[in-house]
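The values are calculated or read from the model by the stated rules, or taken from the named source; none is laboratory data. Being a predicted model, the structure only gives us computed values, none of them experimental. Every residue, glycine as well, gets a Cβ built from its backbone with ideal geometry; the counts of neighbours run over all protein chains shown. We work out accessible area using only protein heavy atoms, side chains counted, and drop any ligands, DNA or RNA first. Shrake-Rupley method; radii C 1.70, N 1.55, O 1.52, S 1.80 Å.
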Amino acid sequence: MAGIDFDVEIKQLRATMKTVGQVLNLDRMRGEIADLGEQVAVPDLWDDVASATRITGRLSALQGEMDRFTGLENRIEDLALMVEMGQEEGDADTLADSEAELGRIKKSVESLEIRTLLSGEYDEREAIVTIRSGAGGVDAADFAEMLMRMYTRWAEQHKYGVEVYDVSYAEEAGIKSAEFAIHAPYAYGTLSVEAGTHRLVRISPFDNQGRRQTSFAAVEVVPMMEQTDEIEVDENEIRTDVFRSGGPGGQSVNTTDSAVRLTHIPTGIVVSCQNEKSQLQNKASAMVVLKAKLLAKKKAEEAALKKDLKGDVAASWGDQMRNYVLNPYQIVKDLRTGHESGNPSAVFDGDLDDFMEAGIRWRRGAEKVDA
């Protein structure tokens, strides 16, 4: 215990929490929580299920963020009292417990501190995630479904709302594609480091000869649109198709043609939504996704132009970003940051925080180099 200066450590933790609090803008967060609380109390809230889901999900996520912050502040003050008591009484056991708690708190504060690195234009937004199977046949479709489960499990562990817009099931197993929203503060800034090509190596459960198979899936992340965003879409440039919602194996989910597919003719961007029973609601949700993708495309083109002007011809940092190897050994490794885990099962079950934190730190470092 002699090597630890508790006073210095606790002072540093308090200073870090003050900075994090300023970045999170706690007053604004409290105001939004109060406003959402009033909306939740409206008697006819659930007349519009999609809206109610977004409102309650946002409220739950914000309240969770506030509780996380205040809980950490309380733990730091409790630690200070524990240290003071242990030092006054010369209690070695109490000081040993204090040292262990200090380590746990530092880890939690470091995780929360990541928010101070999320200062991009859209980082504080909610996120829309699209997953598509790539090369690898049925294994790739199965891998895409594994990734969808991985991200939804991560969201559930953090009590973030998930709203599935569309899932296109593959014929034999898995999915061709999926589109869903994560309703949480800073969901886009956090999940954007997951964008890119993911690669799975394993003994294929679909190969009767038990051969090793490599398969790929692509992850795209765009920020949720808001009313103030300047993105206009000409209705004459959109083709609207309606169809019957379907589940795995051709199962019919709805008995009416309520699912909607929007095609933006100039760009070729296609989005679908079939999670609502109402065709109008599905079209409204699909339009939200389409506008988000058009905005992301616009920003990507602007960023590409800046890189061209600088003569930067390096590949995008998001491409071929992570390997999931289940055979002949087990490891998940991020190719950008070098961060790895020897427990793929935990990763596929949503244990992604360390990978995301490493990605955010890596991206901030890359941005400083490019600046």
Query raised in the report: Taking θ as phi - 60°, what are the ³J(HN,Hα) couplings along region 279-293 by the Karplus curve (6.51, -1.76, 1.60), each to the nearest whole Hz, with x for Gly and Pro?
Result: 4, 5, 5, 5, 5, 5, 5, 4, 5, 4, 5, 4, 4, 4, 6
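Listed here are the pairs Lys176/Lys283; Lys159/Lys297; Lys106/Lys299; Lys106/Lys297; Lys176/Lys298; which of them are more than 28 Å apart at the Cα? Display every interim value, and only then the final one.
Numbers: Lys176/Lys283 21 Å; Lys159/Lys297 30 Å; Lys106/Lys299 36 Å; Lys106/Lys297 38 Å; Lys176/Lys298 26 Å.
Over 28 Å apart, Cα to Cα: Lys159/Lys297; Lys106/Lys299; Lys106/Lys297.
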Query raised in the report: Which distance in nm do the two modelled labels at Asp353 and Glu101 give, with both placed 7 Å along the Cα-to-Cβ direction?
Result: 1.9 nm
Requested in this report: Report Rg (one decimal) and Dmax (nearest whole number) for region 136-244, counting Cα atoms only, units Å.
Outcome: 16.9, 56
Query raised in the report: Long-range amide H contacts for Tyr169: which residues qualify at under 5 Å (H placed 1.01 Å from N, peptide plane, sequence gap of 5 or more or a different chain)?
Result: Lys176
Query raised in the report: In nm², what is the average projected area of the convex hull enclosing the Cα atoms of the chain?
Result: 23.5 nm²
Query raised in the report: In nm, to one decimal, how far is the Glu38 label point from the Lys277 one, both placed 7 Å along Cα→Cβ?
Result: 3.2 nm
Requested in this report: Along Cα→Cβ, 7 Å out, is where each label goes; now give me the distance between the ones at Gln320 and Val23 in nm to one decimal.
Outcome: 3.2 nm
Query raised in the report: Hey, what do the phi angles of region 79-90 turn into as Karplus ³J(HN,Hα) couplings, whole Hz, using 6.51/-1.76/1.60 and θ = phi - 60°, x for Gly and Pro?
Result: 5, 4, 5, 5, 5, 4, 5, x, 6, 5, 9, x
**Report entry** Zero-based 5 Å bins, Cα pair distances in region 128-194, whole percents
**Finding:** 4, 19, 28, 23, 15, 9, 3, 0
Query raised in the report: In the full protein assembly as shown, how much of Thr267 is accessible to a 1.4 Å probe, in Å² to the nearest 10?
Result: 50 Å²
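Quote the FRET efficiency, to the nearest 0.05, computed for Asp241 versus Asn343 with a Förster distance R0 of 56 Å and r equal to the Cβ-Cβ distance. Intermediate results must be reported in sequence, preceding the final value.
Values: r = 43 Å, r/R0 = 0.77.
Approximately 0.80, to the nearest 0.05.
Taking only DSSP H segments of four or more residues, each worth -39500 (n - 2.57), what value at 222 nm results for the chain once the sum is divided by all its residues, to the nearest 500 deg cm²/dmol?
Details: 9 runs with 178 residues, N = 371.
Result for the chain: -16500 deg cm²/dmol, rounded to the nearest 500.
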Query raised in the report: Can you give the convex hull volume of the alpha carbon atoms of region 39-171 per residue, in Å³?
Result: 183 Å³
**Report entry** Estimated vicinal HN-Hα couplings, Hz - region 351-362 in sequence order (Karplus 6.51, -1.76, 1.60; Gly, Pro = x)
**Finding:** 7, 10, 4, 5, 5, 5, 4, 5, x, 5, 5, 4
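Just the number, please: Stokes-Einstein D of region 70-142 in µm²/s, Kirkwood Rh from C-alpha pairs, 25 °C, 0.890 mPa s.
Numbers: Rh = 16.3 Å.
For these conditions, the coefficient is 151 µm²/s.
How many percent of the accessible area of the chain is carbon or sulfur, using a 1.4 Å probe?
In the chain, the share of accessible area belonging to carbon and sulfur is 49 percent.
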